[in-house]
Amino acid sequence: MARKRTPEDKVVNDIIRKALQEQDEPIPMHPDEMQQMMELDETTPRISVEQMEQMQNPVSAGEMGLFENMGQMTGDPEEDMRAEEERDFFENFVDDIDDVLKRKIASDLVQKVQADLDSRKGWEESVASTMKTLGVAQNIDKDKLSVMPFEDASTVEYPMLIRSAVQYVSRSVPEIIPNKPAKSVVIGKSTPEREAQSTRVEAAINYQLTYLDKGFYNDYRKGEFYKAICGSIFRKLYHDPLTEQNLTRLVKPQDFIIHYEQVDLDSCNRYTHRMYMSSNELRKMQYYGHYADVDVGMATYPYDRDDITKEVDKMDGYDISRANAEGEELFHTIYEVHCNLDIDGFEDLDEFGEATGIELPYIVTLDKDSQKILSIRRNWMPNDLKKLKQVWFVHYQFLPGTGFYGFGYAHLIGSLARASTALLRAILDGTALHLLKGGFKTADAKIDGDKCISPGEFRTLEGTYDDIKKALYPLEFSAPGPQVLQIMQYMDKTAADIVQNTEVMLGSASNTGPVGTTLALIEQGQKIYTSIHQATHR
């Protein structure tokens, strides 16, 4: 809500601006230090220590923080009344709906979300199968060991995917998240008032991201890694009802459910954010009034975990199957469905008070297993006559895909990574067999055991030399030829050409070439990264 500017606002913004200019990673300041930074003159109203402590501690004794106060309780009765009406407009009204209707809405949404999951099954399996070749851990299924060529066969993964992902993340994070991640731009005519407003907005957002939101940086780095591998990530921008802060958080692509044939978030009819909440987290949301206080049953083992999450768990060495009834690994599967509905009693009405039959945008949150609705909220602005939905997610794509989700390294070089892994294992296994030998022995051979001979070991056998020679038949295993290594190097070069990084461009050039040529090669090698960064900035 708009409000009049006061002298205190200028002081606060000066504090923020100076703090951001002097420190790359702002650290909490004592209120006395903040008071000294103001350099107040006789005409500037002073701010008490209690007020400054409230600015530094956005959640204190249930009070709103600095950026919440800026938009509330302006002192203007009309504006404050409109703000109160807006809060009521977005309140959870699930208790005002008939129980039979709630059960019908929940059942229909669960079925539609499952249909969305089925539509993207091919994309999910493609990413999950390629995740196995990241080489982060020995994620070999125990039930598949029986189909290995022989016992102790090589399970190494060729690090083609992880190498490409690390290169991308190391470039993208400094590019997108510098010391001051937000930069405001005045669109249209520039005036001193609008420039001042732009500066205040920039300072406020930078303060929020670099100071108040402690988990933003690591969350962003994790998102860039997911984007490089899977091709798509989503960021949810929302006001956290528990911490009373505005947050932006990663939503993994496997937890953002939308029909694969949809085009964008603005035009689609439905998309879902799947969340896994512990019983304590869910109870907090109910206790503080964000969710309805309904019984959703006990938390359960999430049997419907998607293939991508299962592969990520293997890489992390996390075995959720060992969860017990009292463990923290038991969750409630929560669907936050952004959809269009025509709810009885809340229909869209024309100027004559007649129902138009138009479905309106709502956010419906429900427990998947019990199919109990926790909240229903309107998802359009109160003064919007067309009732257009608000979008709380941003879709970041590595490269555009043929469906809704983007393409990442899993799609671009996933097959090459799997083939390179197979060749690398063949080279290692072939070399091991060639060096260690192996073969057959007769059943009546007087040889104790089938173990290999260790280096420097001489084992005593009964019988003559001819008896031993007749009893043993060694098999000849040829060492892998240079052609195999050349094929693997060719596939590695092909993958590098697709990724097109700077190191590849410089590696193919002469070290004694002109400076201009070298700079041109660097620019050419960065073109793909530059285009991806431009899309991310947008």
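The values are calculated or read from the model by the stated rules, or taken from the named source; none is laboratory data. This one's a predicted model, so the numbers in the text were calculated from it and none came from an experiment. Positions of Cβ are generated from backbone atoms using ideal geometry, with glycine treated the same way; all protein chains shown enter the neighbour counts. The protein model used for the area step is the full one, side chains on, heavy atoms only, and it has no ligands, DNA or RNA in it. Shrake-Rupley method; radii C 1.70, N 1.55, O 1.52, S 1.80 Å.
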Please count how many residues of region 370-393 are open to solvent by 90 Å² or more (accessible area, probe 1.4 Å) and within 30 Å of Leu330 (Cα to Cα). 1
Pairs only if they're at least six apart or on different chains, beta carbon under 7 angstrom, first in region 275-287 and surrounded by 14 or more Cβ atoms within 10 Å (Cβ to Cβ) and outside any strand (DSSP E or B), second at pLDDT below 90 and among the aromatic types (Phe, Trp, Tyr); list them, first residue then second. Ser278/Phe331
I need the full set of residues from region 381-437 which are hydroxyl-bearing (Ser, Thr, Tyr) and in contact with a strand residue (DSSP E or B) (Cβ under 7 Å, 6 or more places away or on another chain), in order please. Tyr396, Tyr405
In region 227-247, anything polar (S, T, N, Q) and open to solvent by less than 20 Å² (accessible area, probe 1.4 Å) is listed as Ser232
For a quick check of your reading: which strands (runs of 3 or more DSSP E) sit entirely within region 364-481 and have at least 1 residues that are farther than 30 Å from Ile498 by Cβ and over 32 Å from the mean Cα position of the chain (by Cα)? 438-441, 472-475
Which listed residue, of Thr464, Thr460, Thr494, is open to solvent by 100 Å² or more (accessible area, probe 1.4 Å) and either at pLDDT 75 or above or hydroxyl-bearing (Ser, Thr, Tyr) (or both): Thr460
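Going by the conditions given, is Tyr301 touching a helix residue (DSSP H, G or I) at 6+ places or on another chain (Cβ under 9 Å) and modelled with pLDDT under 75? Walk me through it before giving the result.
On the way: touching a helix residue (DSSP H, G or I) at 6+ places or on another chain (Cβ under 9 Å): yes; modelled with pLDDT under 75: yes.
For Tyr301, the condition - touching a helix residue (DSSP H, G or I) at 6+ places or on another chain (Cβ under 9 Å) and modelled with pLDDT under 75 - is met.
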Is it true that some residue in region 329-348 is part of a loop (DSSP other than H, G, I, E, B), open to solvent by less than 70 Å² (accessible area, probe 1.4 Å), more than 16 Å from Arg270 (Cβ to Cβ) and of a type in the set (S, T, N, Q)? no
If you take the residues in region 334-361 that are in contact (Cβ under 8 Å) with a residue 60 or more places away in the chain and among the aromatic types (Phe, Trp, Tyr), which one is nearest to Gln114 (Cα to Cα)? Tyr335
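Within region 212-226, identify whether any single residue is over 22 Å from Ile532 (Cα atoms) and either open to solvent by 50 Å² or more (accessible area, probe 1.4 Å) or in contact with an Asp or Glu (Cβ under 7 Å, 6 or more places away or on another chain) (or both), and answer yes or no. It would help to see each step written out before you state the result.
We begin by selecting, within region 212-226, every residue over 22 Å from Ile532 (Cα atoms); these are 212-215.
Narrowing further to those that are either open to solvent by 50 Å² or more (accessible area, probe 1.4 Å) or in contact with an Asp or Glu (Cβ under 7 Å, 6 or more places away or on another chain) (or both): 214.
For region 212-226, residues over 22 Å from Ile532 (Cα atoms) and either open to solvent by 50 Å² or more (accessible area, probe 1.4 Å) or in contact with an Asp or Glu (Cβ under 7 Å, 6 or more places away or on another chain) (or both): present.
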